[in-house]
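Read-outs: derived from the displayed coordinates by stated rules, not from any lab. Note that the structure is predicted; figures quoted are calculated from it, not measured. Don't worry about glycine lacking a Cβ; one is built from the backbone with ideal geometry, like all the others, and counts go over all protein chains shown.
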Amino acid sequence: MSQASTHQHEGESHGSFASYIIGFVLAAILTVAAFAIVEMHLLSPGMTFGVISGLAVVQIFVHLIYFLHMNSSSSQSWNNTAFAFAAVCVLIIIGGTIFVIHDVGMNMMSR
Amino acid sequence: MANLSATPHGSAHDDHEHHGTNNVFGFWVYLMTDCILFGTLFATFAVMRTQFAGGPTGKELFELNGVGLETALLLLSSITFGFGMLSAFAQKRGAMLVWLAITFLLGLGFLVLELREFANLIHEGAGPDRSAFLSAFFTLVATHGLHVTCGLVWIAIVMIQSFTPQVFTTRYMDKLQCLSLFWHFLDIVWICVFTFVYLLSVI
């Protein structure tokens, strides 16, 4: 049972040696790039923030695809739905919190 | 229903796709709630990151070399866990145990570095009670560290559980896949930690 299916799906949904290596190399490059940009002061602070945020988002997707094996197949549609909902929640929580506290700072005594 | 769609045509046992069985899907939903937990902690840190209360700033405190080493250990542990999973799917217990043991040691190394960093900060008078910035920092990073600790305990448990004649049952593989998702998820949270906590504070 499990043996047959392991063979059937080998190399796809579980990832393969090659896909793990690809994911690892991409993740390592993105990580080193983020550290290098900050440590070597290559960009202005504002630009640095934008670029390392972008690198982080890209790296998150590299991990999701190569390590957590997310994909767009129909068998994963509920996994992806749950993920999308969680992502929206997190964006509202973080964005909303920053917005509210920023307004507090602007309108109250602290500035 | 969600679980029917996740495993169509009653193939719950045969369908060994990564998120194939209901157990693994259920664990995925747990991870998404964990994601929201971390979201709230990141939100707290985002608004407290400049509230130093006259105390030390992140720029003065954080040593990127140590953070880089922690990042490297966690990233390496992700790929060694992946190789452990491949060994398990190939039903090779010995290879799986070796990879899991390496993963465990890398995770332990990460934890030791993190605890040393915490000890140094507290020793320098930059403990969690010094400022809102440090409270938010310790809460966020220690919560991640606590998850890593749970992951280590779980790795040890699946290693011990593999010592039975019939190892790679559907049940065991489910457990292993959940642990795999958990461990890789922690690495994703760490991406956000090193980017938005450490690197951003040092800019």
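Compute the Rg to Rh ratio over chain A from the alpha carbon atoms, using the Kirkwood formula for Rh, and round to two decimal places. It would help to have the intermediate numbers written out before the result.
Working: Rg = 19.9 Å, Rh = 17.4 Å.
Checking Rg against Rh, the ratio lands at 1.14.
Scattering from the range B:2-202 was approximated by placing one identical point on each alpha carbon and applying the Debye formula without solvent; log10 I(q)/I(0) at 0.17, 0.18 1/Å stands at -1.09, -1.18.
A Förster radius of 41 Å combined with the Cβ-Cβ distance from B:TRP154 to A:MET108 puts the calculated FRET efficiency at roughly 0.35. Under Stokes-Einstein, with the Kirkwood radius over Cα pairs as Rh, the value for the range B:31-140 at 25 °C and 0.890 mPa s is 153 µm²/s. Principal-axis analysis of the Cα atoms of chain A puts helix A:45-66 at an angle of about 20° to the longest axis.
Calculate the tail of P(r) for the range B:146-198: the fraction of all Cα-Cα distances greater than 12 Å, expressed in %. Provide the component values of the computation, followed by the final result.
Working: 947 of 1378 pairs.
Value for the range B:146-198 (Cα pairs over 12 Å): 69 percent.
Between B:ARG116 and B:THR50, full extension at 0.36 nm per residue minus the direct alpha carbon distance yields a gain of 21.4 nm.
Using C-alpha pairs under 8 Å with a sequence gap of at least 6, the mean separation divided by the residue count of chain B gives a relative contact order of 30 percent.
When every Cα-Cα distance of the protein assembly as shown is counted in 10 angstrom steps from zero, the calculated P(r) takes the values 6, 25, 33, 22, 11, 3, 0 percent. Of the residues B:GLU60, B:GLU117, the one with the fewest other Cβ atoms within 10 Å heads the list, and the complete ranking is B:GLU60, B:GLU117.
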